[in-house]
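One structure below.
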Amino acid sequence: MVTRAVMLVGWLCDDEAELMMEEQWKTERQGRKAEEWANLIRVFTCPEDQETRDVLVHLMRQILFELHDFLIQNVGITEAVSLKDIADRCTDTAMNREPEKRLAEVITGVFDEVAPHAVNVASPYFVGHMTAAIPYFMVHLKAIVAALNQNVVKLETSKMLSVLEKQVVAKIHRIIYRNSEDFYLEHVQNTHTSLGSFTEGGTTANLTALWVARNKSLKPAKGFRGVEVDGLAAAYVAHGIERCVILVSRRGHYSLRKCGGLLGIGNGNVIPVDVDHKNRMMPSHLKSLIEACKAEGNTRILAVVAVAGTTETGSIDPLYEISEICRKEGIHLHADAAWGGPTLMSETYGHLLKGIELADSVTIDAHKQFYMPMSCGMIFFKDPTSLDAVAYHANYIIRKGSVDLGIKTISGSREAHCLILDSALKIMGSRGYGLLIDHGIELARRFAREIASRDLFQLVTLPELNILTYRICPNSAQEELKRANPERYNAINAHFNEVNRILQQEQREAGNSFVSRTVLEQETVFPGAPNGKVVVLRSVLMNPLTTMEVLRDILDEQEAIYRAWLNGELTRKGRASSLSSS
Ligand SMILES: Cc1ncc(COP(=O)(O)O)c(C=O)c1O
C-alpha cells in the first residue's frame, strides 16, 4: 500500500516528465495527428459538411418516412443468392487501420450490399415467423433511444427512464393481474418492490421467472444460505433432495430447456407434460407427473410452465385448471405468454387468456405482438416482492433501497426500451393493439377455411390464436390414411413429410413468400394415428397488411410447386440453398 502511495505522489510530482508529455502532446496535435483528432472529435459533435448532410438526410428520410417503400425497393423476402455466396463475401477478418469511408458512403453501402440480402420480414407475404412488419414510428422511437443512450441498469445513467420503466411495467401488469388502483399506486414507484422488468426477450424473461422460482424453492435453511449463495450441491443436501424438475407443456419453447441448463438443474429435468389433440397441456398428465415426482421422495418441482400461445401452434394451455393444481401443490406457476400475452388487449378475444392472472409470473415479448423492434421482452410477477429472490447489490451502484433496476435483472447495462413501448401505447392505445390481435385471429380462421376447402391441402391444427399448421396432402390421400394400417399410414405420411419439406424449401428459395415448417407428433394431431412425426407448414398471421388475397397467392404458389414436383420439374438436387442447407 505504502509503495503504491509513494509511486502515485512521485508520478504526480514529476514536473519534468509532465512537461515532456505536454510538449509531446502539443507536437502531436500539430501535424497529421491533429487533423485526425479533429476528424474524430467531429464524429461526436456535428458530422459531415452541409452537402454530405443533405445526402444523409435524404437517405434517412427514406428509412424514417418511406420505410415500406424502402423495404420493397431494397429488400426482397430473400434474394436468389446462396448463403455460401454471401458468406464468401464476409471472410476478410483484418480490421482496416485507416478510415475507409464516410458515413454517407457507409449507409449507401448498407443499402446496396447488405439490405438486399436481409430478409424482408415486413412483407405481407412473410407469414412464417413471429417477426414481422413494425409501425414506421418504431424506427423513430428507436432512434431517440439510441440518441439518448440511457442505461437503465442504474438511476445515475437513466433517471427518468428508470422511473418510466416502472410505470410501463405497471401498466402491462395491470392488464394481466387487474389489481386495484390502490395496489398500483402503492407499487408503481415503490423502490422496495417490483412488478417485473424489461428483458432482452422471451428467453431471458423465462429465465428470470425460473431463477426466482428456483431461489424461492431452495431457500435458506439452517446452515444453508440459499441456493443463490451456496449453490445447487449444497441446496440438495440442505433440502434433502436429489434433483429438481420443471414441468413444461410438450409444446413449450426450447428456451425453457436452456433455463434448465442455466439454472444448473439440467435440461433433462425439464420434463414435458403431454398435450391433447388441440396442443393444450393435459391437466391429468400434469397431475400424474406431480404424483410421480412426489412418490420419488427426493425430487423437488421448482415450477410448472404453461404456455399462452405456443410457438408452433398458437395454443393456450388450460390456465385455470393448471393454476388450481399448482395452488394445491404449492408450486410456482409460470405462464409463458411471450406470444399470446397482448391478446389481453383485444376486447373480443382477451377472454381466451382467462386464468393468466393466477400465474405467479408471466412472460410477454414486446418484439412480438407489441410490434416493437428487436429485441424486447418483459417479465411480470404477481407478488411484488418475488424479485427479491434474485436481488444483487454493489457498492458503486445498485445500492440497497435505490431505484437501480439492475438490482433485479439478469442483464446489467440495457437500453431504455420502455420509452418505445410507452410511446407506442400512447400512439396506438390498447384498442389499437386489440384490433391488430383481432385481425390476426380472424384472418387465421378465414385462412383455415380456405385451406380446408382446397383438395390438395389438409389443415393440421386449427388456429386458437393467429397461428395454424397445414400440409399438402390431397383429399384422396387423407381418405386412404383413414383406412390405412399403421405400416401403410406411416409410409404415406413419410411420403408427405418429404413433399412438404421440399415444398417449404422451394417456396422459401423462390423468395416471393414465406411460411415456416415444423414437426409435430402424428398421434397427437391426428387422434388414433400410430406414433410418428408429421411435417407441417406453419403460418403466423401478425402482419396487418396480410390479406386473404395474399394468403390465396401463397397457397396457389404451393400448389404450383407441388404440381411441378409431381411432374418432375423441380431441380432442387444440387441447388445451393439461399438460407440454410436444411
Ligand atoms: C412461447 C415463446 N416463449 C419464448 C420465446 C423466446 O423468445 P425470444 O426469442 O424473444 O427469446 C418464444 C419465441 O418465439 C416463444 O414463442
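Under the condition of being assigned to a helix (DSSP H, G or I) and farther than 17 Å from LYS159 by Cα, which residue from the stretch 409-423 is nearest to the chain's Cα centre (by Cα)?
Looking only at the stretch 409-423, we keep the residues that are assigned to a helix (DSSP H, G or I), and these are 418-423.
From what's left, farther than 17 Å from LYS159 by Cα: 421, 423.
Details: LEU421: 15, SER423: 20 Å.
Filtering the stretch 409-423 for residues that are assigned to a helix (DSSP H, G or I) and farther than 17 Å from LYS159 by Cα, the one nearest to the chain's Cα centre (by Cα) comes out as LEU421.
Is it fair to say ILE364 is assigned to a helix (DSSP H, G or I), within 16 Å of the ligand (Cβ to nearest atom) and of a type in the set (Val, Ile, Thr)? Show your work before the answer.
On the way: assigned to a helix (DSSP H, G or I): no; within 16 Å of the ligand (Cβ to nearest atom): yes; of a type in the set (Val, Ile, Thr): yes.
Here the answer is no, as ILE364 does not meet what is asked.
Among the residues of the stretch 420-457, which ones are of a type outside the set (Phe, Trp, Tyr), crowded, with 22+ Cβ neighbours inside 10 Å and out of contact with any Phe, Trp or Tyr (no Cβ under 8 Å at 6 or more places or on another chain)?
ILE420, GLY440, LEU443, ALA444
Which pairs do you get when a residue that is surrounded by fewer than 18 Cβ atoms within 10 Å (Cβ to Cβ), found in the stretch 401-418, comes within reach of a residue that is at pLDDT below 95 and among the charged types (D, E, K, R), reach meaning Cβ atoms under 8 angstrom, with the pair 6+ apart or on two chains?
Within 8 Å, the pairs are SER402/LYS154.
Check ALA118 against each of (1) within 20 Å of the chain's Cα centre (by Cα); (2) closer than 30 Å to LEU468 by Cβ; (3) assigned by TED's automatic domain parsing to the domain that holds ALA359 and name the one condition it does not meet.
Single failed check for ALA118: (3).
Kindly indicate whether ASN206 is in contact with a Lys or Arg (Cβ under 7 Å, 6 or more places away or on another chain) and either more than 14 Å from the ligand (Cβ to nearest atom) or in contact (Cβ under 8 Å) with a residue 12 or more places away in the chain (or both). Break it down into steps so the answer makes sense when it comes.
Details: in contact with a Lys or Arg (Cβ under 7 Å, 6 or more places away or on another chain): no; either more than 14 Å from the ligand (Cβ to nearest atom) or in contact (Cβ under 8 Å) with a residue 12 or more places away in the chain (or both): yes.
Taking the combined requirement at face value, the residue does not satisfy it.
Need the failing condition index for ARG414 against (1) closer than 30 Å to GLY440 by Cα; (2) within 16 Å of the ligand (Cβ to nearest atom); (3) touching a strand residue (DSSP E or B) at 6+ places or on another chain (Cβ under 9 Å), just the number.
(1)
Determine which single condition LYS328 fails, assuming it passes every other condition in (1) touching a residue at least 24 places away in the same chain (Cβ under 8 Å); (2) surrounded by fewer than 24 Cβ atoms within 10 Å (Cβ to Cβ).
Status for LYS328: all satisfied but (1).
Please work out which one of (1) within 16 Å of the ligand (Cβ to nearest atom); (2) crowded, with 22+ Cβ neighbours inside 10 Å is the condition GLY201 fails and give its number.
(2)
With respect to THR299, determine if the residue is in the same structural domain as ASN269 (by TED's automatic domain parsing), of a type in the set (S, T, N, Q), buried (at least 23 other Cβ atoms within 10 Å of the Cβ) and on the phi < 0 side of the Ramachandran plot.
Numbers: in the same structural domain as ASN269 (by TED's automatic domain parsing): yes; of a type in the set (S, T, N, Q): yes; buried (at least 23 other Cβ atoms within 10 Å of the Cβ): no; on the phi < 0 side of the Ramachandran plot: yes.
Considered against the rule, which asks whether it is in the same structural domain as ASN269 (by TED's automatic domain parsing), of a type in the set (S, T, N, Q), buried (at least 23 other Cβ atoms within 10 Å of the Cβ) and on the phi < 0 side of the Ramachandran plot, THR299 comes out as no.
Being away from the ligand (no atom under 16 Å from the Cβ) and within 26 Å of HIS253 (Cα to Cα): is that true of ARG174 here?
Working: away from the ligand (no atom under 16 Å from the Cβ): yes; within 26 Å of HIS253 (Cα to Cα): yes.
Yes: the conditions hold for ARG174.
To keep it simple, each residue is scored yes or no on (1) out of contact with any His (no Cβ under 6 Å at 6 or more places or on another chain); (2) of a type in the set (A, V, I, L, M, F, W, C).
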residue: ALA477; (1), (2): yes, yes
residue: PRO486; (1), (2): yes, no
residue: GLN522; (1), (2): yes, no
residue: PRO544; (1), (2): no, no
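Looking at the stretch 508-535 only, could you name the residues that are in contact with a strand residue (DSSP E or B) (Cβ under 7 Å, 6 or more places away or on another chain), buried (at least 16 other Cβ atoms within 10 Å of the Cβ) and not hydroxyl-bearing (Ser, Thr, Tyr)?
ARG508, PHE514, VAL515, ARG517, LEU520, GLU521, GLN522, VAL525, VAL534, VAL535
Within the stretch 236-243, is there a residue that is assigned to a strand (DSSP E or B), in the same structural domain as ILE379 (by TED's automatic domain parsing) and in contact with a strand residue (DSSP E or B) (Cβ under 8 Å, 6 or more places away or on another chain)? Quick ask: steps written out before the conclusion?
Step one: filter the stretch 236-243 for residues assigned to a strand (DSSP E or B), giving 243.
Retained after the next criterion (residues that are in the same structural domain as ILE379 (by TED's automatic domain parsing)): 243.
Narrowing the set further to residues that are in contact with a strand residue (DSSP E or B) (Cβ under 8 Å, 6 or more places away or on another chain) leaves 243.
Yes, that holds for at least one residue.
Six or more apart or on different chains, Cβ under 6 Å: which pairs go from a residue in the stretch 339-355 that's part of a loop (DSSP other than H, G, I, E, B) to one that's among the hydroxyl-bearing types (Ser, Thr, Tyr) and within 16 Å of the ligand (Cβ to nearest atom)? Could you list them?
Listed by first residue and then by second, the contacts come to TYR349/THR343.
Taking ARG257 and the conditions (1) assigned to a helix (DSSP H, G or I); (2) charged (D, E, K, R); (3) under 26 Å from ILE407 (Cβ atoms), which numbered condition does it fall short on, given that it satisfies the others?
(3)
Could you tell me which numbered condition ASP383 fails, if it satisfies all but one of (1) among the charged types (D, E, K, R); (2) touching a residue at least 60 places away in the same chain (Cβ under 8 Å); (3) out of contact with any Cys (no Cβ under 9 Å at 6 or more places or on another chain); (4) away from the ligand (no atom under 16 Å from the Cβ)?
(2) is the only condition that ASP383 fails.
Take the conditions part of a helix (DSSP H, G or I) and either among the aromatic types (Phe, Trp, Tyr) or surrounded by fewer than 21 Cβ atoms within 10 Å (Cβ to Cβ) (or both) and apply them to VAL550. Does it pass? Working first, answer last.
Details: part of a helix (DSSP H, G or I): yes; either among the aromatic types (Phe, Trp, Tyr) or surrounded by fewer than 21 Cβ atoms within 10 Å (Cβ to Cβ) (or both): yes.
For VAL550, the condition - part of a helix (DSSP H, G or I) and either among the aromatic types (Phe, Trp, Tyr) or surrounded by fewer than 21 Cβ atoms within 10 Å (Cβ to Cβ) (or both) - is met.
Would you pick out the residues in the stretch 166-189 that are free of Cβ contacts under 8 Å to residues at least 40 places away in the same chain, among the β-branched types (Val, Ile, Thr) and within 22 Å of GLY434 (Cα to Cα)?
Hits for the stretch 166-189: nothing passes.
Of these, GLU312, GLU347, GLU321, GLU329, which one is within 13 Å of the ligand (Cβ to nearest atom) and acidic (Asp, Glu)?
Details: GLU347 fails: within 13 Å of the ligand (Cβ to nearest atom); GLU321 fails: within 13 Å of the ligand (Cβ to nearest atom); GLU329 fails: within 13 Å of the ligand (Cβ to nearest atom).
Only one candidate passes the filter, namely GLU312.
Which residues, counting only those in the stretch 475-528, are more than 25 Å from ASN279 (Cα to Cα) and among the aliphatic types (A, V, I, L, M)?
Result: ILE502, ALA510.
What number of residues within the stretch 437-474 are among the aromatic types (Phe, Trp, Tyr) and more than 29 Å from the chain's Cα centre (by Cα)?
Number of matching residues: 1.
If SER217 satisfies all but one of (1) within 16 Å of the ligand (Cβ to nearest atom); (2) of a type in the set (Ser, Thr, Tyr); (3) more than 17 Å from the chain's Cα centre (by Cα), what's the number of the condition it fails?
Among (1) within 16 Å of the ligand (Cβ to nearest atom); (2) of a type in the set (Ser, Thr, Tyr); (3) more than 17 Å from the chain's Cα centre (by Cα), SER217 violates only (1).
Looking at this structure, is ARG538 assigned to a strand (DSSP E or B), surrounded by 14 or more Cβ atoms within 10 Å (Cβ to Cβ) and either at pLDDT 95 or above or not small (Gly, Ala, Ser) (or both)?
Values: assigned to a strand (DSSP E or B): yes; surrounded by 14 or more Cβ atoms within 10 Å (Cβ to Cβ): yes; either at pLDDT 95 or above or not small (Gly, Ala, Ser) (or both): yes.
Against the criterion (assigned to a strand (DSSP E or B), surrounded by 14 or more Cβ atoms within 10 Å (Cβ to Cβ) and either at pLDDT 95 or above or not small (Gly, Ala, Ser) (or both)), ARG538 qualifies.
Report yes if SER217 is of a type in the set (Gly, Ala, Ser) and under 21 Å from TRP339 (Cα atoms), otherwise no.
Spelling it out, it is not the case that SER217 is of a type in the set (Gly, Ala, Ser) and under 21 Å from TRP339 (Cα atoms).
The values are calculated or read from the model by the stated rules, or taken from the named source; none is laboratory data. All values derive from a computational prediction rather than experimental measurement. FYI the Cβ positions are ideal-geometry reconstructions off the backbone, even for glycines, and counts take in every protein chain you see.
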